[in-house]
1. Select from segment 45-90 the residues that are over 20 Å from Val253 (Cβ atoms) and within 16 Å of the ligand (Cβ to nearest atom) and list them in ascending order.
2. I'd like the residue in segment 180-216 that is aromatic (Phe, Trp, Tyr) and assigned to a strand (DSSP E or B) and, out of all such residues, is surrounded by the fewest Cβ atoms within 10 Å (Cβ to Cβ).
3. Please determine whether any residue of segment 87-108 is over 23 Å from Arg344 (Cβ atoms) and polar (S, T, N, Q).
4. Just for segment 145-174: of the residues that are in a strand (DSSP E or B) and touching a helix residue (DSSP H, G or I) at 6+ places or on another chain (Cβ under 7 Å), which one is surrounded by the most Cβ atoms within 10 Å (Cβ to Cβ)?
5. Of everything in segment 30-57, what is surrounded by fewer than 16 Cβ atoms within 10 Å (Cβ to Cβ) and more than 25 Å from the chain's Cα centre (by Cα)? Give them in sequence order.
6. Note down all Cβ pairs under 9 Å where the first residue falls in segment 146-165 and is farther than 11 Å from Val130 by Cβ and free of Cβ contacts under 8 Å to residues at least 60 places away in the same chain, the second is of a type in the set (Asp, Glu) and surrounded by fewer than 22 Cβ atoms within 10 Å (Cβ to Cβ), and they're at least six residues apart or on different chains.
7. Which condition number in (1) of a type outside the set (A, V, I, L, M); (2) more than 23 Å from Ala146 (Cα to Cα); (3) part of a helix (DSSP H, G or I); (4) out of contact with any Leu (no Cβ under 8 Å at 6 or more places or on another chain) is the one that Gln56 fails?
8. Here are the criteria: (1) closer than 26 Å to Gly203 by Cα; (2) in contact (Cβ under 8 Å) with a residue 24 or more places away in the chain; (3) surrounded by fewer than 24 Cβ atoms within 10 Å (Cβ to Cβ); (4) within 16 Å of the ligand (Cβ to nearest atom). Tell me which single one Arg102 does not satisfy.
Amino acid sequence: MIYLDNAATSFPKPEPVYQALDTFARTRLANPGRAGHRMAVAAERTLDAARHALNQLFRGEGPERWIFTLNCTDGLNLAIKGTVRPGDHVITSDLEHNSISRPLRALEKAGAIALTRLASDRGYIDPDAVRRALTPRTRLVALTHAANVLGTVQPIEAIAPIVREADALFLVDAAQTAGVVPIDLRATPIDLIAFPGHKALYGPTGTGALYVGPRANPTAWREGGTGGDSSSEVQPTILPYFLEGGTPNVLGVAGLAAGVVWVAERGPDALRRHEVDLLRRVVDWVECTDGWKVAGRWDPDTHVGALSLVVPDGLTPQDLGSILDTSFDIAVRPGLHCAPYVHRNLGTFPDGTIRLSPGAFNTEEDIDDFLNALAEITAGVL
Ligand SMILES: Cc1ncc(COP(=O)(O)O)c(C=O)c1O
């Protein structure tokens with residue numbers, strides 16, 4: 001199969017990730033920190049090493065500030081629900097994935113918060129629009145770093161100081177950028193950043209992380225065993241354990257740690273450029289082919305490896321996705337991509353678009369096969 005759905009989850013994983021999973025599962029798969037025996041200590045060290053690796057790659061304020069989560073959704077929910085209080089104002093955008101839009105909309109519908117949803121312009125949010133939307137009641141600004149439908153990277157370096165100046169918290173959803181866009185938490189005042197381990201950091205599914213900066217103090221909505229300090233009647237307040245009740249996915253984190261090392265060796269920007277170079281072939285093809293359109297603004301310098309195509313009349317994204325899968329052995333993602341508001345903005349609601357998202361292991365030949373398949377399918381239909 002030609003796998004072009006890396007924005008959903010990356011596949012295949014680098015060889016060291018498979019090896020780390022196999023070795024860890026066979027030799028160290030104990031409950032980290034719970035027992036004090038050598039295997040438990042080795043498992044705890046794996047978690048610590050992964051926190052250090054994340055802290056180094058993103059230049060955070062300390063490894064203990066990295067909370068392991070189930071996925072990006074888990075981290076975003078922890079950040080949003082642990083931070084927002086009744087009566088707060090929250091700013092978000094129409095580019096967001098449902099993992100931000102739904103918790104915020106639910107709070108808005110319950111009358112708990114006032115919500116401003118900024119409209120994007122061809123895939124980009126204007127920092128001045130954030131400035132204009134801030135009020136004295138704004139507690140949180142929750143924005144995606146790159147739109148998962150369009151691949152457009154948002155100017156978070158310009159937005160973060162605006163949010164900080166207003167004394168609000170800045171939550172960044174780095175689901176589409178962690179591993180492919182350099183993020184420097186020392187240089188950019190971000191309070192909370194969530195990402196999955198299973199996309200461009202090349203870890204397995206079931207992994208993710210939330211970084212909790214010094215100004216953020218989310219409440220723990222999952223309380224329970226933390227390995228140490230069992231005598232305490234309530235959740236110990238020390239990070240990361242405060243926010244990590246229950247046995248962590250230490251096997252997944254062992255794989256994620258190998259993925260982070262693999263990414264750090266290559267450098268996020270080199271990985272991004274490989275993906276964007278592949279997408280350039282698609283954009284060139286679209287420009288000289290009737291009926292097709294790229295959704296959003298194509299700017300290779302502010303793009304990750306996800307691109308949405310508006311399909312020609314006479315075809316639906318769903319039909320196209322299924323023909324590509326069954327007749328050409330090519331995996332892409334048709335539809336709304338869990339981000340309905342941006343499709344409304346683009347006029348592609350409710351059918352959506354077809355999104356392709358190459359990863360580190362895709363080649364020019366994969367893209368050419370994809371484009372030949374599109375040409376063949378449309379020739380038969382149009
Ligand atoms: C921008 C964005 N945010 C959040 C998520 C949710 O990630 P997860 O499935 O790891 O919870 C995704 C997944 O595609 C995404 O693209």
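The values are calculated or read from the model by the stated rules, or taken from the named source; none is laboratory data. All figures in this text were calculated on a predicted structure; none of them were measured in a lab. Every residue, glycine as well, gets a Cβ built from its backbone with ideal geometry; the counts of neighbours run over all protein chains shown.
1. Once the filter is applied, which keeps residues that are over 20 Å from Val253 (Cβ atoms) and within 16 Å of the ligand (Cβ to nearest atom), segment 45-90 yields Ile80, Lys81.
2. Checked segment 180-216; the qualifying residue surrounded by the fewest Cβ atoms within 10 Å (Cβ to Cβ) is Tyr211.
3. no
4. The residue in question is Asp173.
5. Passing the criteria: Ala35, Gly36, His37, Arg38, Met39, Val41, Arg45.
6. Glu157/Asp184
7. Single failed check for Gln56: (2).
8. For Arg102, the failing item is (2).
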